[in-house]
Structure formats: structure tokens, C-alpha cells
Amino acid sequence: MKIHFIKHSDLDTYYLLKIIDLKNQHWDYSTQEHEDWIKNNIAKDDFHLLLTDNNDILLAYLNMINIEVVQNLQIKISGFGIGNVCVDKGFNNKGLGLLLMQIANYHIKNLEKQGFLLCKTSLISFYKKANWQLFDGEFLVNHENIEAKLMYLLPISEKLISINKKF
């Protein structure tokens, strides 16, 4: 197995198409819609984390978006918004999603940032296995209320969080 931690500005068409193919297994959008989402939401300094097998088959993927977080209306911190966590359906229940999250955790901590992710209620237990905690305060993403649960990686005590962009 190989780990690829690729800055978006360095992502080539080969891996972009592999990412879109994998996302198509989980989200019913056209290839063009996936490509447009990536173009509009992932900046040059954001990252893609990919797990491939030795034959370069994409097994699992997530993106790490650089975000700025305002806590309690005053404290700004930099962090990563984790999104698009997915595993090839042929490899479900083999621990690859958890491994992917553990690698992301390592990178977030190594880069001395905080991690946030948005998820459905049904996915909270999965992310808790990966050492993420459920945020029990109020939050906005890009000045909007989001219909999702917010989870964080490193301890926080704030009860009001505003994240500058969607991820």
C-alpha cells in the first residue's frame, strides 16, 4: 500500500480522474460536477490524501482544506477541514477508512493545526474510532448554519465556532 499526500497545485490529471471515479461510487454527481466542485472548493495550497495499492489502484481518499477558524468571536486559529472521506466499495470494512483518518490525524498534528469535519449522525461512531470528538456548541460554516454534525480532532473548550469556508 502507498500513501500519497499531494498538494492540490501538484495534483495531475491522472490522480484527479481517479479521485473523481472513487467519489462517483459514493455521491451521485456527474464527472463534470465532481470536477467543478474540486475546482471551486479546493485551493492550490490544500491537500489530497490518497491510499493506493501497489498497482496504483485508488483504495481510499480524503481532502484537507486549509481553513481559518474563529472561536468565541475572537480567537483565530488555522486548521484543516476534512472532506470527501471515501473508500472503494470493493474494499469496505477492511479498516482502510480508519487508516486514512489516522494518517490525516498525523498530518494535522505534525503541521500543528486543528482538524474539523462535518458528518451525518450515522458516521459519528466511525469518526470517534479515529479519535475525533463531537462538538456540542454552535457553529457556522461560511456564515451559514449547516445541517451536519461538527467534529474536531484536538481538544477545544469553546462553544461558538465560525469556519471561513465550506469543505
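The values are calculated or read from the model by the stated rules, or taken from the named source; none is laboratory data. Because the structure is a prediction, the values reported are computed rather than measured. In this analysis, Cβ positions are derived from the backbone assuming ideal geometry, glycine residues included, and neighbour counts consider all displayed protein chains. For the accessible areas, the whole protein counts, side chains as well, though only heavy atoms, and no ligand, DNA or RNA atoms are used. Shrake-Rupley method; radii C 1.70, N 1.55, O 1.52, S 1.80 Å.
List the aspartates and glutamates whose Cα sits under 16 Å from the Cα of K7, skipping any in the same chain fewer than 8 residues away.
Qualifying aspartates and glutamates at Cα under 16 Å: D45, D46.
Set Lys and Arg Cβ to +1 and Asp and Glu Cβ to -1, take the dipole of the chain about its Cα centre, and tell me which of H48, M151, G83 lies farthest positive.
Of the options given, the answer is M151.
With N residues in segment 46-105, what two-decimal value do you get for its Cα radius of gyration over 2.2 N^0.38 Å?
1.39
Taking each full run of DSSP H in the chain as one helix, which ones are at least 18 Å long along their axis (Cα atoms) and have mean Kyte-Doolittle hydropathy of at least 0.5?
Membrane-span-like by this rule: 96-110.
How many nm is it between the label spots at N92 and L134, if each spot is 7 Å from the Cα in line with the beta carbon?
That separation, rounded to one decimal, is 2.3 nm.
With a cut-off of at most 14 other beta carbons within 10 Å, and DSSP calling the residue loop, which trypsin sites (Lys or Arg not before Pro) in segment 123-155 qualify? Please list them.
Sites meeting the loop and neighbour criteria: none at all.
Per DSSP H run of n ≥ 4, the term is -39500 (n - 2.57); total these for the chain, divide by its residue number, and report the mean residue ellipticity at 222 nm rounded to 500 deg cm²/dmol.
-8000 deg cm²/dmol
Most mobile of K39, K113, K23 per a Gaussian network model of the chain (Cα springs, under 10 Å)?
Checking each option, the largest mean-square fluctuation is seen for K39.
Given K2/K23; K23/K129; K39/K128; K94/K166; K44/K109, which pairs have Cα atoms separated by over 25 Å?
Listed pairs above 25 Å: K39/K128; K94/K166.
So how far, in whole Å, is the C-alpha centre of segment 32-77 from the one of segment 107-147?
14
Could you tell me what percent of the accessible area of the chain is made up of carbon and sulfur, with a 1.4 Å probe and every protein chain present?
That fraction is 48 percent.
Are there any GluC sites (Glu not before Pro) in segment 82-167 that are in a DSSP loop and have at most 10 other Cβ atoms within 10 Å? List them by number.
Loop-located and lightly packed - E112, E147.
Give the shape of segment 1-52 as rounded, prolate or oblate, defined through the alpha-carbon gyration tensor: a ≥ b ≥ c are the square roots of its eigenvalues, a/c under 1.5 means rounded, and otherwise the shape is prolate if a/b is larger than b/c and oblate if not.
Verdict is oblate for segment 1-52.
Per the Kirkwood formula on distinct C-alpha pairs, the Rh of the chain is how many angstrom?
16.3
With no solvent and one point per C-alpha, what does the Debye sum give as log10 I(q)/I(0) for segment 74-167 at q = 0.16, 0.18, 0.19, 0.20 Å⁻¹?
Debye output, listed in q order: -0.66, -0.84, -0.93, -1.02.
Taking the Cα centre of the chain as origin, work out the dipole magnitude from +1 charges on Lys and Arg Cβ and -1 charges on Asp and Glu Cβ, in debye rounded to 20.
460
Would segment 90-140 count as rounded, prolate or oblate if I go by the C-alpha gyration tensor, calling it rounded below 1.5 in a/c and otherwise prolate when a/b exceeds b/c, oblate otherwise?
Oblate, since a/c reaches 1.5 and b/c is not below a/b.
Just to confirm, what accessible area per residue do you get for the chain at 1.4 Å probe, in whole Å²?
That works out to 55 Å² per residue.
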